[in-house]
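Q: I'd like to ask some things about the structure below.
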Amino acid sequence: QLLGLRPPVSDAEMQARLDDLSAKTRALSADVHRLSHGLHPAKLERLGLVAAIRGFCRELDTAEQVQVRFAADDVPVSIPDDRALCLYRVTQEGLWNVVKHSGAQHASVLLKGAASELILDIIDDGVGFDPQRIPSASSLGILGMRERVGMHGGEIRWDAVPGGGMAVHVRMPLPPASTPA
């Protein structure tokens with residue numbers, strides 16, 4: 001349709017425009033592939049949150065130009081499915097934002113368990129942005145992260161890292177453990 005609206009005037013222009021369309025199609029296909037695999041993370045269901053995030057970080061570290069390190073500390077074995085999925089999705093979106101927008105070479109993900117909450121930190125060494133001017137209306141990813149975390153009574157914030165980069169901090173409350181009857 002784009003070619004029909006403004007037909008190329010030369011073979012060279014036709015080739016350049018076809019190459020551009022081909023590159024856009026490949027990028028779109030890669031995004032759809034990534035999204036479809038991320039919709040039902042089998043690792044999360046079978047192996048738990050720590051293994052799923054570790055696997056995602058490893059895949060991203062291998063496939064992209066960002067070195068991603070992951071650490072987990074005192075994370076409970078049993079985490080409610082809705083909370084685990086929320087934190088997994090926030091990790092995915094946070095790291096994809098690092099890859100797409102930050103220009104970072106390194107990122108780290110830390111998942112920590114505390115008495116009644118989980119804490120997730122995603123930190124990169126990229127260009128950063130002003131956290132007071134987060135373009136939530138134009139960024140579905142940031143808006144989605146806020147909504148996901150908020151639905152579970154959690155908190156999310158973005159902080160500029162001194163010297164460049166960003167940090168995403170999430171605090172996710174855990175419901176009280178049920179006692180056996």
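The values are calculated or read from the model by the stated rules, or taken from the named source; none is laboratory data. Only a predicted model underlies this, so the values are computations on that prediction, with no experimental measurement involved. Cβ coordinates were reconstructed from backbone atoms using ideal geometry, including for glycine residues, and neighbour counts include every protein chain displayed. These accessible areas exclude ligands, DNA and RNA; they are computed on the full protein's heavy atoms, side chains included. Shrake-Rupley method; radii C 1.70, N 1.55, O 1.52, S 1.80 Å.
Q: Considering only protein heavy atoms, with the full assembly of protein chains and a 1.4 angstrom probe, order Met151, Met14 by accessible area, largest first. Could the numbers behind the result be given before it?
A: Working: Met151 145, Met14 70 Å².
Result, largest first: Met151, Met14.
Q: For the chain, count the residues as N, evaluate 2.2 N^0.38 Å, and divide the Cα radius of gyration by that value, please. Don't skip to the end; give the middle numbers.
A: Working: Rg = 19.6 Å, N = 181, 2.2 N^0.38 = 15.9 Å.
Computed over Cα atoms of the chain, the ratio equals 1.24.
Q: While we're here: Counting only residues 5 or more places away or on other chains, whose amide H sits under 5 Å from the amide H of Phe70 once H atoms are built in the peptide plane?
A: Excluding prolines and chain starts, which carry no amide H, the hits are Val109.
Q: Could you tell me the convex hull volume per residue, in Å³, taken over the Cα atoms of segment 51-113? Numbers along the way, then the final one.
A: On the way: hull volume 4.4 nm³, N = 63.
Once divided by residue count, the hull of segment 51-113 is 70 Å³.
Q: Do the sum for the chain: with -39,500 (n - 2.57) for every DSSP H run of n ≥ 4, divided by all residues, what is the mean residue ellipticity at 222 nm, to the nearest 500 deg cm²/dmol? Write out the running numbers ahead of the final one.
A: Working: 6 runs with 83 residues, N = 181.
The per-residue figure over the chain is -14500 deg cm²/dmol.
Q: Using R₀ = 41 Å, calculate the FRET efficiency as 1/(1 + (r/R₀)^6) where r is the Cβ-Cβ separation of Arg6 and Glu147; round to 0.05.
A: Details: r = 39 Å, r/R0 = 0.96.
It comes to 0.55.
Q: Return the long-range amide H neighbours of Glu117 (sequence gap of 5 or more, or a different chain), with a cut-off of under 5 Å between placed amide H atoms.
A: Leu174
Q: With a Förster radius of 45 Å, plug the Cβ-Cβ distance of Ser108 and Ala16 into 1/(1 + (r/R0)^6) and report the FRET value to the nearest 0.05. Don't jump to the answer; show the numbers that get you there.
A: Numbers: r = 40 Å, r/R0 = 0.89.
The computed FRET efficiency comes out at 0.65.
Q: Could you compute the FRET efficiency for Ser29 and Ala63, with r as their C-beta to C-beta distance and R0 at 22 Å, rounded to 0.05? If you can, show how the numbers build up before the last one.
A: Values: r = 15 Å, r/R0 = 0.67.
According to the calculation, E is roughly 0.90.
Q: With +1 on each Lys and Arg Cβ and -1 on each Asp and Glu Cβ, how big is the dipole of the chain about its Cα centre, in debye rounded to the nearest 20? Walk me through the intermediate numbers first.
A: On the way: 19 positive and 22 negative charges, 51 e Å.
Result for the chain is approximately 240 debye, rounded to the nearest 20.
Q: Stretch Arg171-Ala51 to full length: gain in nm at 0.36 nm per residue minus the Cα-Cα span?
A: Working: separation 120, 0.36 × 120 = 43.20 nm, distance 1.95 nm.
Extra length available between Arg171 and Ala51 comes to 41.3 nm.
Q: Straight-line reach from Lys100: which lysines have Cα under 19 Å away, leaving out those fewer than 8 places along the same chain?
A: Lys24
Q: Would you mind checking the tilt of helix 81-97 against the longest principal axis of the Cα atoms of the chain, expressed as 0 to 90 degrees and rounded to 10?
A: Taking the Cα atoms of the chain, the angle to 81-97 is about 40 degrees.
Q: How do Leu44, Leu85 stack up against each other in accessible area, from largest to smallest, with a 1.4 angstrom probe?
A: Values: Leu44 25, Leu85 65 Å².
Result, largest first: Leu85, Leu44.
Q: Taking H as built 1.01 Å from N, whose amide H comes closer than 5 Å to the amide H of Val75, not counting residues under 5 places away?
A: Sorted by chain and number, the residues that satisfy this are Gly113.
Q: What does the accessible area of Asp125 come to, in Å² to the nearest 10, when a probe of 1.4 Å is used?
A: 80
Q: Sort Ile156, Ile123 by heavy-atom solvent-accessible area, probe 1.4 angstrom, most to least. Before the final figure, lay out each step's value.
A: On the way: Ile156 35, Ile123 60 Å².
Largest accessible area first, the residues go Ile123, Ile156.
Q: When we measure straight from the Cα of Lys43, which aspartates and glutamates land under 15 angstrom away, once same-chain ones fewer than 8 places off are left out?
A: Lys43 reaches Glu59, Asp81, Asp82.
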